[in-house]
1. I'd like to check something: does the range 157-168 contain any residue that is among the acidic types (Asp, Glu) and under 30 Å from Lys416 (Cα atoms)?
2. When the residues of the range 244-291 are narrowed to those that are hydroxyl-bearing (Ser, Thr, Tyr) and part of a loop (DSSP other than H, G, I, E, B), which ends up surrounded by the fewest Cβ atoms within 10 Å (Cβ to Cβ)?
3. Of the residues Ile121, Ile102, which single one is surrounded by 21 or more Cβ atoms within 10 Å (Cβ to Cβ), of a type in the set (Val, Ile, Thr) and closer than 24 Å to Met433 by Cβ?
4. Name the single residue that is farthest from the ligand (Cβ to nearest atom) among those in the range 346-359 being exposed (fewer than 15 other Cβ atoms within 10 Å of the Cβ) and over 19 Å from Phe265 (Cβ atoms).
5. Return the only residue of Ile277, Ile252, Ile242, Ile214 being of a type in the set (A, V, I, L, M, F, W, C) and within 16 Å of the ligand (Cβ to nearest atom).
6. Out of all the residues in the range 81-111, which are more than 18 Å from Ala34 (Cβ to Cβ) and hydroxyl-bearing (Ser, Thr, Tyr)?
7. Those residues that are in contact (Cβ under 8 Å) with a residue 24 or more places away in the chain, more than 8 Å from the ligand (Cβ to nearest atom) and not aliphatic (A, V, I, L, M), I need them from the range 363-381; list them, please.
Amino acid sequence: MKINDEFVVKIEKLSNLGTGIAKINGQVVFVEKACPEDEMKIKITKVNKNFATATPIEIITPSIHRIKPFCPMQNVCGSCQLQFIDYDYQLELKKQIVEDVIKNIGNIDISINNPIPSPQIKAFRHKIQCPVSQTKVSKKILAGYYKPQTHEIVNIKYCPIQPEICDKIIDFIRNKSQDFNITGYDEKKHSGDLRHIVLRSSSDNGNILVTLVINNTKISDKFNSFAKAIYNEFEDIQGVCINFNNKKSNVILGEKTQCICGNDFIYDKILDKTFKIGASTFFQINPKSAENIFQYVKNEISKHENPTILDAYAGIATFGITVSNIAKKVVSVEENKESIEKAIEVIELNNIKNVELHCGDTAKYLKSIKKNFDITILDPPRKGCTKESLDETLNHTKEKIIYVSCNPATLARDLKYLSEKGCKLKSIQPFDMFCHTFHIENVAIIEI
Ligand SMILES: C[S@@+](CC[C@H](N)C(=O)[O-])C[C@H]1O[C@@H](n2cnc3c(N)ncnc32)[C@H](O)[C@@H]1O
């Protein structure tokens, strides 16, 4: 097999990165934009030792699960990779991905629960970070998303996975910038004014916080006036901020943010608790689907009477806070100082007395204490937990670990380690937070 060779294949499965898997003479080929059961003509684009990659050139017999994507830009925008597959089948495929990964990496045979769907499959995204540039000749502002694997902006006027008001705000910014002499950012030359539009929208009350990320270190009159114009145009906007980022880097937000109009935060709710969200606060992108996870974890904890809980990798202590009223005591550990500061505000806002916060590394914190917890909640980043933090978790947990994971591969690796240490995996429940992508969140219940 070599580059540019053409084959007719039947797609067997979806890989854990969302590409179709076909086999040619036993060799695995990853095919982009493919749905299991498609019969397609493909062209090889890369050949490696253990696998090849390919692009489709003709769909001969489409899978019965192919649908017309509801977004007209789906084919060019990199955000909703699986939108051409019907939603129920997306969920089936994601379940299969979890099953395969847990078996192949974790060496664990367990029947995975059916994924809990997202309550909304449109307008579910509440954090929007839109890169900005401008056209070469007419200098018109472009704002949207990147084409897959590029930094080329697709100028998106209508994005059905975000609330409609966000399209309107972005369009206003796009159309009015020139009136204020504001230019779009040129990444190659590191020139131009406006780099990103960041919107945080409340799933509870529809309020919006707008942040304009500018290629500067201080505010100019034109941005002051522009911020006011944006604020005055939309009733739902609670505040307009300017974030300063003049670094040559892909990091979206700079360190400093200045509020120009209104507030520099909005409120959102998870279960019965209120959260305060600023431009850079970590908060679930799909809060309504996240609420299902928090409820599930709470139900699991309510099987225990008045337990003590460790909430590790806590972020702004969302788990600790949402389960606090059924716990004797919660200790939330998070290494990011800003998140801890936000958690303090949220704890005060909700008048919670039994959540204690610790800023630092999970393993180091556990090594430094003698006390044990009835239940530990682990919600690490995509890279999963370190062996050291799993060991310390085992040393300090009496009954149960609830492991919340956004990456099935690292979850599988960590479950393998825990089972080698004698733990018993009771269940894995997937939740669909990122509809139309290959991503899937899982909650594993582990008995010690
Ligand atoms: C997936 S987020 C958890 C979010 C949080 N549980 C929530 O639902 O809002 C992972 C968090 O782990 C934190 N983190 C990463 N490594 C850590 C470590 N070694 N010890 C403590 N926190 C860590 C990150 O700063 C991040 O806030």
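1. Residues of the range 157-168 among the acidic types (Asp, Glu): 164, 167.
With under 30 Å from Lys416 (Cα atoms) added as a condition, the list becomes none.
No, the conditions are met nowhere in the range 157-168.
2. Kept after step one, since they are hydroxyl-bearing (Ser, Thr, Tyr), are these residues of the range 244-291: 249, 257, 267, 274, 280-281, 289.
Those still in the list that are part of a loop (DSSP other than H, G, I, E, B) too: 249, 280-281.
On the way: Ser249: 9, Ser280: 17, Thr281: 22.
The residue in question is Ser249.
3. Values: Ile121 fails: surrounded by 21 or more Cβ atoms within 10 Å (Cβ to Cβ).
Checking each option against the conditions leaves just Ile102.
4. Start the filter on the range 346-359 by keeping residues that are exposed (fewer than 15 other Cβ atoms within 10 Å of the Cβ), which leaves 348-349, 351, 353, 356.
Remaining after also requiring over 19 Å from Phe265 (Cβ atoms): 353, 356.
On the way: Lys353: 21, Glu356: 15 Å.
Looking at residues that are exposed (fewer than 15 other Cβ atoms within 10 Å of the Cβ) and over 19 Å from Phe265 (Cβ atoms), I get Lys353.
5. Details: Ile252 fails: within 16 Å of the ligand (Cβ to nearest atom); Ile242 fails: within 16 Å of the ligand (Cβ to nearest atom); Ile214 fails: within 16 Å of the ligand (Cβ to nearest atom).
Exactly one of Ile277, Ile252, Ile242, Ile214 is of a type in the set (A, V, I, L, M, F, W, C) and within 16 Å of the ligand (Cβ to nearest atom), namely Ile277.
6. The answer is Ser111, and nothing else.
7. Lys367, Lys371, Asn372, Phe373, Asp374, Thr376
Residue-by-condition table, conditions (1) at pLDDT below 95; (2) out of contact with any strand residue (DSSP E or B) (no Cβ under 8 Å at 6 or more places or on another chain):
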site: Phe124; (1), (2): no, yes
site: Gln129; (1), (2): no, no
site: Val132; (1), (2): no, no
site: Lys136; (1), (2): yes, yes
site: Lys140; (1), (2): yes, no
site: Gln149; (1), (2): yes, yes
site: Asn155; (1), (2): yes, no
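The values are calculated or read from the model by the stated rules, or taken from the named source; none is laboratory data. Note that the structure is a prediction, hence the values are computed from the model and not measured. Every residue, glycine as well, gets a Cβ built from its backbone with ideal geometry; the counts of neighbours run over all protein chains shown.
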